[in-house]
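The values are calculated or read from the model by the stated rules, or taken from the named source; none is laboratory data. Just so you know, these numbers come straight off a predicted model, no measurement behind them. Using ideal geometry, Cβ is built from the backbone for each residue, glycine included, and neighbour counts are taken over all protein chains shown. Note: accessible area is taken over every heavy atom of the protein model, side chains too, but ligands, DNA and RNA are not part of it. Shrake-Rupley method; radii C 1.70, N 1.55, O 1.52, S 1.80 Å.
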Amino acid sequence: MGNAYIPLSALLSSLGAEVIIPPLPTRRTVELGSLYAPEFVCLPFKVNLGDNIRALYMGADTLAMVCGAWACRFGYYGRLQHRILRDAGFEFESLLLGRDSLATVYNRFRETAGKNLPLSWAKALRIFHMKAKAVDKLESLSRRIRPFEVKRGSTSRALADGMRILHQARDINQTREAFRKARNKLLAVETQDSFEPLNISLVGEIYVVIEPALNFSVVEQLGERGVLVHPALSIYKWLFRSLRIDPLITADEKLAIRRTRPYIKHDIGGEEHQTIGGTIKAAKKRYDGVIHLYPLTCMPENISRTIIPAVERKYDIPVLNLCLDEHSSPAGFMTRIEAFLDLLTRKRLKKPG
Amino acid sequence: MTRVGIPRALSYYRYFPLWESFLEECGIDVVCSNPTNPNILDMGISQSVDDICLPVKCYFGHLLDLNDKVDFILVERILTPEGNLDTGFTCPKLMALLDMVKHSLDVKPRILEFCLDSKKHSLAKALGKIAKSLGISKRRALQAMRVAVERQKTYRLELRQTNWNLAAGCPSREYDQKPLTQKTPVASQKNNPPGIKGEHPVKFPARRNPEQKKDLDIAVVGHEYLLFDKFLNHDICGKLERLGARVQTSAALPEEIIEREIQQYKDISWVYERDLIGAASYFLSSGTVDGVIFLICFACGPDSITMEIINREINPKKRPPVMTLVIDEHTGDAGILTRLEAFIDMARRG
């Protein structure tokens, strides 16, 4: 999912495991996943399944997944995907975080982690946190630079180089150094700031908001069209919010939930609080608009989608709702977004003062 | 007199006897929306998100059907239904149904909220809130609650004992004035449950030989709001009966059987899906039926996962033929009939 592989592989390789990173999801991944997946399960399931298949072809022997018994289908991914893959003939070990106790996960790395298991875990978690934070900061910086770049694509290239350096860092010191280098690469990108960019918030189901292969690199596309993008979700938030170690994230989540309560009274298991809370936040910050992305049949997002028009009216903020599945095409997607940007630009021009 | 409207969709098929008894005991007029018809479905579809499931679209249509006819509309929010396993929750769409209705539909009557969270309170307490909103005196409300809970219990028991013949239609008193146990049409059943005699009240057009012997037992597994709504499911049970099958449904299985079966399948958070998995497990492994049909809706979130769990994790030694019927608003009657005919032929051959 996006650049989550950088901190996650750092965690696992610090524990001595050989990490296999499947290639970025492509049409082929989606096709493979759709072949084996149930017909109308959500898109993240299909892509995830496709990723797992590719990882297995590349030699992985263990597949890890978070799982749980929640309202959203996500908790069932691990159990069902592993079942589907075994029925299809693949052999591997399952590491289901949630179903398997923490002790199982902890002990899984006993052979590979070296003599002192607790120390290895402590080191691994430290570098995990550091890399996750670094990824978040670099992505955030790139989003602030991209609308102003002179050469189209220079920011994305600098970001990709930076991520590569970060991924290669093996310990705390190297990570610190890598972050510094990556940041400098981004700051070196040539910019001109002779215009006032549009501000657009990106909300919706977490996988399609974060994974560029699913949202057709919407963050880059918007940036290259001179838009400052503000995603309501990020990998860092997703990885660390349940641990509650960052008070800013906890406060942000609480605020989003409080703002959503008048609209959705109970937690329904998805990111609906960030969708509705994010829309309200965008309105309060006087952004120009919101783009809402969600996979076909996503339950929490369907509910949010039904309620968003009421939020739009009350807070006076335009929202573009886009539904994605394996048949979506980049051309259709970008056409709708470009039309939306045109409308927002005209709205701005008409504003007095 | 105050009129309360109840949309004939979703939890209507589960809780209507409870609601109707309670409100009538409190002296309130109960009005149901019309049975599902193309108009209602179209209204619902036009007011909802494209990819939400069909039963919710149908619900919106029924709700709008009541818009000008009543003073209050009863809308449910079912978080955890009552039962022995008071854990888990229902589908997110049922949990947030009230929110969707409040914020996206132009509802003219006042909304009465029936919020059922069995983790926190009982069925009777859920009714208490409604009584308060309607200004019913506490004494009258308590008496009404007692009657209503009893009626609900009776309904669930009768559902199992009579193996509800779905050709009769919806499970409400207002469908016709006879009490529940006498409503089951019996001419089509070979072995009538004790105490029931009579002729089929509705004449169905004969497709095949009207004297066709009933020589097959087919189980239909699905949510109650799909099983009982003849328009939504294209009268699948009626069609099966005319093709010579005795129909059993997952809605009519005793809770003890379902609980026994569900022990083998852990960690299912959705309560209604547990019922489906338990029923499927029973029908597939008990050897009492000649075929099993799963009736699901396209875009049903939990069902997409449950179907896979049923198909992959339930592995009895001898499985009867199984068919999955996925329906949505574009499904055609002819298509359903073709599939059913093919399935019955296959089941006949054993």
Check: What do the square roots of 5 times the Cα gyration tensor eigenvalues come to for the stretch A:1-142, in whole Å, largest first, as semi-axes of the equivalent ellipsoid?
Finding: 26, 19, 15
Check: Per q in 0.21, 0.25 1/Å, what log10 I(q)/I(0) does a Debye calculation on the alpha-carbon atoms of the stretch B:7-65 return?
Finding: -0.76, -0.93
Margin query: Contact order normalised by length for chain A, with contacts defined as Cα pairs under 8 Å and 6 or more residues apart; what percent is it?
Written below: 17
Note to self: If you count only protein heavy atoms with a 1.4 Å probe, what accessible area per residue comes out for the stretch A:1-81, rounded to a whole Å²?
What the structure shows: 38
Next item on the list: Just give the residues from the stretch B:63-102 buried by at least 10 square angstrom of accessible area in the all-chains context relative to the isolated chain, probe 1.4 Å, and say none if nothing qualifies.
Entry: B:77, B:79, B:89, B:92, B:93, B:95, B:96, B:99, B:100
Check: Dividing the Cα radius of gyration by the Kirkwood radius, what Rg/Rh value follows for the stretch A:139-185?
Finding: 1.03
Item checked: Alpha carbon Rg of the stretch B:1-134, scaled by the compact-globule rule 2.2 N^0.38 Å -> 1.01
Notebook entry, point to check: So what's the Cα pair-distance distribution over the stretch A:1-58, bin width 10 Å, in %?
Noted result: 24, 46, 25, 5
Next item on the list: Could you grab the Rg to Rh ratio for the stretch A:230-353? Cα atoms only, Kirkwood for Rh.
Entry: 0.99
Notebook entry, point to check: Interface A/B, total buried accessible area with a 1.4 Å probe, nearest 100 Å²?
Noted result: 3300
Next item on the list: Could I have the simple spin-label model distance between residue A:343 and residue A:188, label points 7 Å from Cα toward Cβ, reported in nm to one decimal?
Entry: 4.2
Notebook entry, point to check: Once label points are set 7 Å from the Cα along Cα→Cβ at both residue B:34 and residue B:266, what is their separation, rounded to one decimal in nm?
Noted result: 5.2
Item checked: Net charge dipole size for the protein assembly as shown [Lys, Arg +1 and Asp, Glu -1 on Cβ; Debye, nearest 20] -> 1720
Check: Any idea which of B:270, B:253, B:238 is furthest toward the positive side of the dipole for the stretch B:238-288, if Lys and Arg beta-carbons carry +1 and Asp and Glu beta-carbons -1?
Finding: B:238
Next item on the list: From other protein chains only, count the Cβ atoms within 10 Å of every residue's Cβ in A:290-302, then give the mean.
Entry: 4
Item checked: Convex hull of the protein assembly as shown built on C-alpha atoms - directionally averaged projected area, nm² -> 34.5
Notebook entry, point to check: Scaled to the compact-protein estimate 2.2 N^0.38 Å, what is the alpha-carbon radius of gyration of the stretch B:264-345, rounded to two decimal places?
Noted result: 1.15
Margin query: Above 20 Å lies some portion of the pair distances; for the stretch A:175-272, what is it as a whole percent of all C-alpha pairs?
Written below: 56
Notebook entry, point to check: Relative to the first principal axis of the alpha-carbon coordinates of chain A, what is the inclination of helix A:299-315, with its axis defined by its Cα atoms, in degrees from 0 to 90 and to the nearest 10?
Noted result: 30
Check: If you bin the C-alpha pair distances of the stretch A:102-251 every 10 Å from 0, what whole percents do you get?
Finding: 10, 32, 34, 17, 6, 1
Checklist line | Efficiency of FRET between residue B:2 and residue B:330 - r from beta-carbon atoms, R0 51 angstrom, step 0.05 | finding: 0.80
Next item on the list: At 7 Å along the Cα-to-beta-carbon direction for both residue A:88 and residue A:174, put a label point, then send me their distance in nm to one decimal.
Entry: 3.4
Next item on the list: Have a look at A:38, A:119, A:158 and report the one farthest towards the positive end of the charge dipole of the stretch A:24-162, computed about the Cα centre with Cβ charges (Lys/Arg +1, Asp/Glu -1).
Entry: A:158
Notebook entry, point to check: What is the dipole size for the stretch A:219-353, taken about its Cα centre, with +1 at each Lys and Arg Cβ and -1 at each Asp and Glu Cβ, in debye to the nearest 20?
Noted result: 880
Notebook entry, point to check: Excluding same-chain residues fewer than 8 positions from residue B:153, which lysines have a Cα within less than 25 Å of its Cα?
Noted result: B:119, B:120, B:125, B:129, B:132, B:138, B:178, B:183, B:197, B:230
Next item on the list: Considering only A:53, A:276, A:303, give the residue with the highest GNM mean-square fluctuation for chain A, with springs between Cα atoms whenever their separation is below 10 Å.
Entry: A:303
Note to self: I need the fraction of alpha carbon pairs in chain A separated by more than 24 Å, rounded to a whole percent.
What the structure shows: 60
Check: So what is the relative contact order of the stretch A:246-351, in percent, for Cα pairs below 8 Å that sit 6 or more residues apart?
Finding: 24
Check: Relative contact order for the stretch B:200-350 using alpha-carbon pairs under 8 Å, separation at least 6, rounded to a whole percent?
Finding: 26
Next item on the list: Would you please name the trypsin sites (Lys or Arg not before Pro) within the stretch A:36-141 that are DSSP coil residues with at most 15 other C-beta atoms within 10 Å of their C-beta?
Entry: A:110, A:115
Check: Which net charge results for the neighbourhood of residue A:323, defined as the other residues with beta-carbon distances under 9 angstrom from its beta-carbon, given Lys and Arg at +1 and Asp and Glu at -1?
Finding: -3
Next item on the list: Leaving ligands, DNA and RNA out of it, report the carbon-plus-sulfur percent of the accessible area of chain A at a 1.4 Å probe.
Entry: 54
Item checked: Crossing angle, helix A:117-145 versus chain A [Cα axis fit, 0-90 degrees, rounded to tens] -> 20
Check: If you find the alpha carbon centre of the stretch A:144-159 and of the stretch B:233-260, how far apart are they in angstrom?
Finding: 62
Check: Do the sum for the protein assembly as shown: with -39,500 (n - 2.57) for every DSSP H run of n ≥ 4, divided by all residues, what is the mean residue ellipticity at 222 nm, to the nearest 500 deg cm²/dmol?
Finding: -15500 deg cm²/dmol
Item checked: Average partner coverage of A:258-270, which counts Cβ from other chains inside 10 Å -> 4
Next item on the list: Starting from the coordinates of the alpha-carbon atoms of the stretch A:155-215, obtain the Kirkwood hydrodynamic radius over all distinct pairs and give the value in Å to one decimal.
Entry: 14.0
Note to self: Can you give me the angle between helix A:27-36 and the longest principal axis of chain A, using Cα atoms only, in degrees from 0 to 90, rounded to the nearest 10?
What the structure shows: 60
